[in-house]
Amino acid sequence: MFDAFEHLNPAQREAVEHLGGPLLVVAGAGSGKTWTLACRVARLVERGVRPERILLLTFTRRAAREMLSRAERLTGAGRRLGRVWGGTFHAVANRLLRLHGRAVGLAPDFTVIDRADTADLMDLVRGELDLGSGERRFPRKDTLADLYSRTVNAGSRLADVLARDYPWCAEHVEDIGRVFDGYLARKRQQHLLDYDDLLVYWNALARSPSAEVIAGLFDHVLVDEYQDTNPVQADVLAALKPDGWGLMVVGDDAQAIYSFRAATVRNILEFPERFPGTRIVRLEQNYRSTTPILEATNAVIALSPERHEKTLWSERPGSRRPVLLTCLDEADQADAVCRTVLEHRERGVLLREQAVLVRAGHHSDLLEVELARRNIPFVKYGGLAFVETAHVKDALALLRVLENPFDEVSWFRVLQLLDGVGPATARRLMSEIVVGGRARSPVARLVEGEPPRVPAPARPELDRLREALRDCSTAEVPIATQVERIRRFLEPVLRRRSDDAEARIRDLEQLEVVAAGYPTRERFVTDLALDPPISTSDLAGPPHPDEDSLVLSTIHSAKGGEWDVVYVIHAADGMIPSDLATGDEERIEEERRLLYVALTRARDALYVTFPLRYHRANRGLEDRHWYAQLTRFLPAEVRTRFEQRATYADGELAEPGAAGGSPGPAGAGRAAAVDALVRGLWTN
C-alpha cells in the first residue's frame, strides 16, 4: 500500500486520504479514477474499516470487480475484500430488497424483468385495453416503456415528460396512464420488479421504518460515474448519508451523456449545494492521451456554458495534432478511414487498438461494406445486446417460467415457440395454463395435467416442451444442466425458424458455460437481467492474442474504453449533434459532451472526418443528395487545434504544404472538393 501511495499524484492522494464529510472528485477522462477508487477502498480497510461496511456503487459489475481486485492486491486482504458491498445500483438494490424488502411490502422471491420484458408486458396491457386500433397513432410498446422509465426515474409528472420528450403523445396522456396502471397491477400480481422498481423500492426502503437499519449498514459509500445517476439514485444516496459523512462520489460532468436513461448532469453540478461543506478534488493529470489531443479536447469542452472547471494535461508530449479530415461524401470517408486504418496497421498498430466511433449504429453501414470489401475484420458494439437477441430471450423466458410460473410475459414468449402458435392462440393457452389463481403452479398444470388443445403442427413440440420443463423442475438439477436441457429443446425450433441456427446454438452453448458458475437459477437469471453481457465475446472474456479486429462502436458504448488510434466519423450537424437532439440547449450541450467523450478515447492519434455530401434514397422515387455543415462543436477557434486536411476527388489525401506553391489543405483541397461537387451536377 505504501508503494502504491507513493505513486499517486497529489490530487489522487488528497482523495484517497480524505476523512469526514462529503467528497466530490471531479475526475477528467483518463485521469486514473479507477486506481484512485481502488486505493481509497484499500486505505479505508487499512485504517480498520470493516469491508462489509463499505458500499462501492459502479455502473457495471465488471468495474466493481476490477476496483476490488486492485484493492485486494494493495492490501493483501485477499478474500476479506469480497465482503465489500460492490456492484451496480440495481444489483445492490436487488440484494437489499431480498434481505429487507418486507418492510416495503415485498417478499424476497420476486423476479426481475429487463427492459424488453417491460415493453412486452406493456404491449399485453395495451392490447387488452384495445388502444392503438383507432384512427390516430398511439405509442407502441417500446415508446411506452421509455415513457414509463423516464417518468419514474426523473420523478416527473407524465404530462411534463410527454410535453418535453414526446409532444405527439400528449393528447393520449389519460390512456397512457391507463396502460401504466394496468402494467403496475400486472407486475404486482405476477410478483415482478423491473429496473425502475429496484431503485424506487430501494428509495422507499431507505425512508421506511427500517431506514435506520439500512443506513446503518454502511460507514462509507463510494460512487463511480456519478454524472450518470438519475434523480432517484441521488435521493437514495441522500437517504443513506443525509449529512454526506462518509460519502464520496467520483465523476465528470463533461462525460454526462445518458439523459435518455433519465440520468441528469444536475446531480454532479449541484452536489455541493445538496451536501454543504463538500470538499472538491479535481483530477486533471491525464495518463491516456498526448498533449495535442488534450489541447483539442479541452478546447471542445471549454465552450460548455456550465461545468466544473478543469483543464486536462499530460506528461506525454506527442508530436502530431489531431486530424480534421473533410471528405467529398460518405464513400470518400469510408475509403479514407480504411486506408488510414491499414497504414497504421503497417506501422505496427494492431487493428484491435484502433476504433471507429459513431453517434448512431447505422452511421457505420457504408464503412462496414468497405471494410468487408477490403478484407478488414471488425467487431461492432452498440447494436443489439447479447441477451436481447431472440434465441437468448427464448432460453431466458423458459428459465423465468420455471423460476416464476406466473410470469405472463415469459409464458407468452414460450408458447409462441410452438409451430403454428401465434399471439391469439398463445393468449388462449395462457388463459388455460396461467390464469385461475395461485392454487397450483402453471408449470405443474402444464406438465402433469392434460395437454391443452393446440394446432396440429404444435403437438410434437408441446410434448417436447412439457418434457423439458419436467426435467428442469426439480431443485436438485444444476442450473448449467437446465440451460443444456433448454438448449436441446430449442435446437429444432431454431433450425425451423432461422437461417443461422448453428450460430445461435453456439450462443446457447456459451450460456451453459456461464451458467456453470452460478449456484441457483434465480441468481443466474437475475444477474443476466441486471448486468447483461454485450456479446458472446463479453461472456468468453478478452480476445485471444491472435485475434485482431478493428473496433466499431457507438460513442455511448465506447465510454470507458481507450485505443491507440480513434476515428470519429460523420462530424456533421445533424449527426453530431443528432438532429433529434437539438430541441433545447440542454440536449445540445449533452451532444457536445458526447463528442468530447469520443475524442478523449484516443491515446496517440485522433481523426475526425466530415463528409460534405450525403446520399439518400427518397422512398424509391429518386435519389437525393444533401449537403452538410461541419458540427457546430468545432468552431474556428477549436479547429486551430487540429491539422485540417481534405480529400481530392480521387480520394488522395491533401497533404498540407504541398509543393509548387499549393495553398494547402485550406486552399487546394477544398477548392478541388468544390469543383468535384459542381462537376457532379452533370456527371452523376
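The values are calculated or read from the model by the stated rules, or taken from the named source; none is laboratory data. Computed from a predicted structure; not experimentally measured. We place every Cβ from the backbone using ideal geometry, glycine too, and count neighbours over all the protein chains shown. Protein only, heavy atoms only, side chains kept; ligands, DNA and RNA dropped before computing areas. Shrake-Rupley method; radii C 1.70, N 1.55, O 1.52, S 1.80 Å.
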Q: Report whether or not L247 is modelled with pLDDT of 95 or more, open to solvent by less than 10 Å² (accessible area, probe 1.4 Å), within 28 Å of the chain's Cα centre (by Cα) and not charged (D, E, K, R).
A: yes
Q.
Here is a check on your reading of the model: is R459 surrounded by 14 or more Cβ atoms within 10 Å (Cβ to Cβ), under 21 Å from V421 (Cα atoms) and without any contact (Cβ under 8 Å) to a residue 12 or more places away in the chain?
A. yes
Q) Does G20 satisfy being outside any helix (DSSP H, G or I) and either farther than 21 Å from A254 by Cα or not basic (K, R) (or both)? A) yes
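Residue-wise test of (1) over 27 Å from the mean Cα position of the chain (by Cα); (2) within 20 Å of R601 (Cβ to Cβ); (3) in contact (Cβ under 8 Å) with a residue 24 or more places away in the chain.
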residue: P322; (1), (2), (3): yes, yes, yes
residue: V341; (1), (2), (3): no, yes, yes
residue: R347; (1), (2), (3): yes, yes, no
residue: T425; (1), (2), (3): yes, no, yes
Q | R62 surrounded by fewer than 21 Cβ atoms within 10 Å (Cβ to Cβ), at negative phi and assigned to a helix (DSSP H, G or I) | A | yes
**Q.** Filtered residues of segment 102-145 (kept if of a type outside the set (S, T, Y), in contact (Cβ under 8 Å) with a residue 40 or more places away in the chain, within 25 Å of N203 (Cα to Cα) and in contact with a Phe, Trp or Tyr (Cβ under 9 Å, 6 or more places away or on another chain))
**A.** V104, L106, V112, I113, D114, R115, L121, M122
Q.
Checking R43 against (1) in contact with a Leu (Cβ under 9 Å, 6 or more places away or on another chain); (2) at positive phi: exactly one of these is not met. Which one?
A. (2)
Q: Take A480 and decide whether it is closer than 29 Å to E512 by Cα and either assigned to a loop (DSSP other than H, G, I, E, B) or at pLDDT 90 or above (or both).
A: yes
**Q.** Residue list for segment 577-606, restricted to those being part of a loop (DSSP other than H, G, I, E, B), touching a Phe, Trp or Tyr at 6+ places or on another chain (Cβ under 9 Å) and modelled with pLDDT of 95 or more
**A.** R601
Q) If only one of A256, A204, A215, A262 is of a type outside the set (S, T, N, Q) and surrounded by fewer than 16 Cβ atoms within 10 Å (Cβ to Cβ), which one is it? A) A215
Q. Across segment 122-155, what is the total count of residues that are open to solvent by 40 Å² or more (accessible area, probe 1.4 Å) and outside any helix (DSSP H, G or I)?
A. 10
Q: Just one of (1) surrounded by 17 or more Cβ atoms within 10 Å (Cβ to Cβ); (2) over 27 Å from the mean Cα position of the chain (by Cα) trips up N286, so point out which.
A: (2)
Q. Do the conditions hold for A103, that is, is it small (G, A, S), in contact with a helix residue (DSSP H, G or I) (Cβ under 7 Å, 6 or more places away or on another chain) and either more than 24 Å from D531 (Cβ to Cβ) or at pLDDT 85 or above (or both)?
A. yes
Q. Going by the conditions given, is P452 open to solvent by less than 30 Å² (accessible area, probe 1.4 Å), over 16 Å from Y518 (Cα atoms) and free of Cβ contacts under 8 Å to residues at least 60 places away in the same chain?
A. yes
(Q) Step by step: first the residues of segment 309-360, then only those that are among the small types (G, A, S) and in a helix (DSSP H, G or I), then the one that is surrounded by the most Cβ atoms within 10 Å (Cβ to Cβ). Which residue is that? (A) A334
(Q) Checking R639 against (1) modelled with pLDDT under 95; (2) surrounded by fewer than 20 Cβ atoms within 10 Å (Cβ to Cβ): exactly one of these is not met. Which one? (A) (1)
Q) If you go through segment 10-43 one residue at a time, how many are open to solvent by 10 Å² or more (accessible area, probe 1.4 Å) and closer than 25 Å to R61 by Cβ? A) 6
(Q) Would you confirm, using the coordinates I've provided, whether R83 is closer than 30 Å to A390 by Cβ and basic (K, R)? (A) no
Q | In segment 494-514, the residues that are of a type outside the set (A, V, I, L, M, F, W, C), part of a helix (DSSP H, G or I), more than 20 Å from S473 (Cα to Cα) and free of Cβ contacts under 8 Å to residues at least 40 places away in the same chain | A | R495, R497, E502, R506, E509, Q510
Q. If we scan segment 48-55, do we find a residue that is modelled with pLDDT of 90 or more, among the aliphatic types (A, V, I, L, M), more than 26 Å from G560 (Cβ to Cβ) and touching a helix residue (DSSP H, G or I) at 6+ places or on another chain (Cβ under 8 Å)?
A. no
Q. Somewhere in segment 173-187, is a residue more than 27 Å from R53 (Cβ to Cβ), β-branched (V, I, T) and surrounded by fewer than 22 Cβ atoms within 10 Å (Cβ to Cβ)?
A. yes
Q: Please go through segment 86-110 and pick out each residue that is outside any helix (DSSP H, G or I) and buried (at least 22 other Cβ atoms within 10 Å of the Cβ).
A: G86, G87, F110
Q. Name the residues in segment 165-187 that are within 27 Å of N404 (Cα to Cα) and either touching a strand residue (DSSP E or B) at 6+ places or on another chain (Cβ under 9 Å) or at pLDDT below 90 (or both), would you?
A. R186, K187
Q | Condition check for D365: outside any loop (DSSP other than H, G, I, E, B) and open to solvent by 60 Å² or more (accessible area, probe 1.4 Å) | A | yes
Q. So how many residues does segment 476-491 have that are open to solvent by 40 Å² or more (accessible area, probe 1.4 Å), more than 14 Å from A395 (Cβ to Cβ) and touching a helix residue (DSSP H, G or I) at 6+ places or on another chain (Cβ under 9 Å)?
A. 1
(Q) Being within 19 Å of E637 (Cα to Cα) and small (G, A, S) is the filter here; which residues of segment 299-314 pass it? (A) A299, A302, S304
Q. R374 versus (1) crowded, with 17+ Cβ neighbours inside 10 Å; (2) modelled with pLDDT of 90 or more; (3) under 23 Å from L342 (Cα atoms): which is the lone unmet condition?
A. (1)
